[in-house]
Amino acid sequence: MEKKRKILPPVYLFAALILIWLMQRFFPIYQYVDPPLAYLGIVPVLFGIIMAAISSGAFVKAGTGIVPFDKATMLVTDGFYRVTRNPMYTGMIMMLLGVAVLTGAIGALLPIPAFFMIIRNNFVLGEERFLETTFGMQYTDYKSTVRRWI
């Protein structure tokens, strides 16, 4: 049985956003894109917000736990869950990528792989075991047809 985590994914998202700002501010390394081209970063930010919000709403609509490792009463497989098993986390990563593009500096990209690894290791892998234990073959079948990411 997987135990609940004390620090939830939105906290890591906020920490990564702060790190992106700090990297841009103090260690910009190389400015690869300037405005107005950098404003294209708004697209993945908005899409990431929409993806995470709609996916969260699907859990609420299904009446199942949204907090990682809360009791799961239903396996959600529609909407963005048809494309990725982790649309909330994918949305968060898209937000971070968009913010990094908005800064235009290579240094702002550095926190993103760390965020990805933390989410993957602390949440995704355990959630997969948790869902397989909870839903058995239903989750195994879903897992065999929908990719973990994109």
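Whole number please: convex hull volume per residue of the Cα set in the chain, in Å³?
So the per-residue Cα hull volume is 100 Å³.
Pull out the extension gain between Glu132 and Ala114, defined as 0.36 nm times the separation in residues minus the alpha carbon to alpha carbon distance; nm, one decimal.
Between Glu132 and Ala114, full extension yields 3.9 nm more.
Can you give me the long-range amide H partners of Ala105? Hydrogens built in the peptide plane at 1.01 Å from N, cutoff under 5 Å, separation of 5 or more residues or another chain.
Those qualifying (amide H under 5 Å, at least 5 residues apart or on another chain) are Tyr32.
Grab the beta carbon distance between Thr145 and Ala15, set R0 = 41 Å, and tell me the FRET efficiency rounded to 0.05.
Efficiency, rounded to the nearest 0.05: 0.75.
Which distance in nm do the two modelled labels at Phe27 and Val67 give, with both placed 7 Å along the Cα-to-Cβ direction?
3.4
Using only alpha carbon pairs under 8 Å that are at least six residues apart, calculate the relative contact order of the chain and give it in whole percent.
Once divided by the residue count of the chain, the mean separation gives 37 percent.
Mind pulling the angle between the C-alpha long axis of helix 42-62 and the longest principal axis of the chain? Nearest 10 degrees, somewhere in 0 to 90.
20
Before rounding to the nearest 500, sum -39500 (n - 2.57) across all DSSP H runs of length at least 4 in the chain and divide by the residue total; then give [θ] at 222 nm in deg cm²/dmol.
-18500 deg cm²/dmol
Taking θ as phi - 60°, what are the ³J(HN,Hα) couplings along segment 138-150 by the Karplus curve (6.51, -1.76, 1.60), each to the nearest whole Hz, with x for Gly and Pro?
Karplus-based 3J(HN,Hα) across segment 138-150 equals 4, 6, 4, 5, 4, 4, 7, 10, 10, 5, 5, 10, 10 Hz.
Expressed as an acute angle from 0 to 90° and rounded to the nearest 10, what is the orientation of the C-alpha long axis of helix 125-135 relative to the principal long axis of the chain?
Its long axis makes an angle of about 20 degrees.
Laboratory data are not the source of any read-out in this text; all were calculated from the coordinates shown. What you are looking at is a predicted structure, and each value in this text was computed from that prediction instead of being measured. Neighbour counts are summed over all protein chains in view; Cβ atoms, including those assigned to glycine, are modelled from backbone coordinates with ideal geometry.
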